[in-house]
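*Asks:* Here it is: the structure, laid out below.
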Amino acid sequence: MGNYKIEALWDCSYCGTNGILGRHQVCPNCGHGRDQDVKFYLPEIIDESAAVDESKTHISKGPDWMCSYCDNYNSSDANFCVSCGASKEESEKNYFQIQRERGK
């Protein structure tokens, strides 16, 4: 077995689709964007279907950051917002800071 990490999941509040892989910013079922207050969770049963092979998949090295201009979440490795192109340096908060402020 290779070098694996477990990928967190999230649920779509719009259509109810469950278990969406954390790397996806939109629901693959309805296309609705991931909510700002989304709760990530680990799969209940951890097996090879939940594992991500690092040699075949990009794993970001830190928390997502939120664009201060369009409120889109972006991978920690992205230097510019994938939605509007704003610079990461111009944004101030990452996913965990936002959740702390909301008391979650």
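The values are calculated or read from the model by the stated rules, or taken from the named source; none is laboratory data. Everything numeric in this text was worked out from a predicted model, so none of it was measured. Here the Cβ is made from the backbone with ideal geometry for all residues, glycine too, and neighbour counts use every protein chain on show.
*Asks:* I'd like to know if segment 11-18 contains one or more residues that are more than 22 Å from GLY103 (Cα to Cα), modelled with pLDDT of 80 or more, part of a loop (DSSP other than H, G, I, E, B) and assigned by TED's automatic domain parsing to the domain that holds ARG102. Spell out the reasoning first.
*Replies:* So the first thing to find is which residues in segment 11-18 are more than 22 Å from GLY103 (Cα to Cα), and the list is 14-18.
Filter once more, keeping what is modelled with pLDDT of 80 or more: 14-18.
Subset that is part of a loop (DSSP other than H, G, I, E, B): 14-18.
Retained after the next criterion (residues that are assigned by TED's automatic domain parsing to the domain that holds ARG102): none.
No: segment 11-18 contains no residue that is more than 22 Å from GLY103 (Cα to Cα), modelled with pLDDT of 80 or more, part of a loop (DSSP other than H, G, I, E, B) and assigned by TED's automatic domain parsing to the domain that holds ARG102.
*Asks:* Something else about it: Taking the conditions exactly as written (part of a loop (DSSP other than H, G, I, E, B), out of contact with any Leu (no Cβ under 9 Å at 6 or more places or on another chain) and modelled with pLDDT of 80 or more), does GLY85 satisfy them or not? Please lay out each step first, then the result.
*Replies:* Working: part of a loop (DSSP other than H, G, I, E, B): yes; out of contact with any Leu (no Cβ under 9 Å at 6 or more places or on another chain): yes; modelled with pLDDT of 80 or more: yes.
Here the answer is yes, as GLY85 does meet what is asked.
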